[in-house]
Amino acid sequence: MTLLWHAETPIGICVFTSPALSLSMRNRFFGLTGKRTSTKAKALNHQLVTLSRVVIHPSYRGAGLASEFIRRSCESSQWQWIETLAQMGNINPFFERAGFIRVGITIKKNQSRSGHSAIYGNSRKSGKQRMVSKETHRKSQYSQPVYFVFDNRR
């Protein structure tokens, strides 16, 4: 997590999280194939992180701060690669301005709640799949987020 401050007031935040176990656009970009194993997942988590949330206080939006804030947050992180999925990427190019490479648009083949949940690779060991909430599914079942990658290798 990175905070953006104006004097003593926080005005922005970037939240980094562990990557989903598998994303088709990531697999294509990095040339990943084969079954996901715990060894591969650990290796992935040491090299890649997901920028899952960027929030800028409404009073500071439109001033060009977001792209610079995102770039600096990514550059100061320990990870070699940062990825993000953003529906807003279809409209606003601030991730490209921050230095991300636009890889492509994620198109869901299965728009059911189960299919939507499978995107995140979150199955339980018991064999039961953890589902996204009904509300999350309702809000995003027709979204086509853009997949971006930031190369932070120095």
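The values are calculated or read from the model by the stated rules, or taken from the named source; none is laboratory data. Computed from a prediction, not measured in an experiment: that's the story for all the values here. All Cβ positions, even for glycine, are placed from backbone atoms using ideal geometry, and neighbour counts span all protein chains on display.
Quick notes on this one:
- A residue that is β-branched (V, I, T) and in contact (Cβ under 8 Å) with a residue 24 or more places away in the chain cannot be found anywhere in region 24-42.
- Residue under evaluation G89, criteria (1) over 27 Å from T9 (Cα atoms); (2) small (G, A, S); (3) modelled with pLDDT of 90 or more, criterion not met: (3)
- Annotation note: of L44, L32, L51, L21, the sole residue that is among the hydrophobic types (A, V, I, L, M, F, W, C), closer than 20 Å to R130 by Cβ and not in a helix (DSSP H, G or I) is L21.
- Test result for S59, of a type in the set (S, T, Y) and modelled with pLDDT of 85 or more: yes
- Conditions (1) at pLDDT 85 or above; (2) part of a loop (DSSP other than H, G, I, E, B); (3) in contact with a helix residue (DSSP H, G or I) (Cβ under 6 Å, 6 or more places away or on another chain); number of the one not met by I82: (2)
- Only one of the numbered conditions (1) surrounded by fewer than 17 Cβ atoms within 10 Å (Cβ to Cβ); (2) within 19 Å of R72 (Cβ to Cβ) is violated by F16, and that is (1).
- Subset of region 140-154 (residues that are touching a strand residue (DSSP E or B) at 6+ places or on another chain (Cβ under 9 Å) and among the basic types (K, R)): R153
- Members of region 112-138 that are at pLDDT below 75, in a loop (DSSP other than H, G, I, E, B) and surrounded by 14 or more Cβ atoms within 10 Å (Cβ to Cβ): I119, Y120, G121
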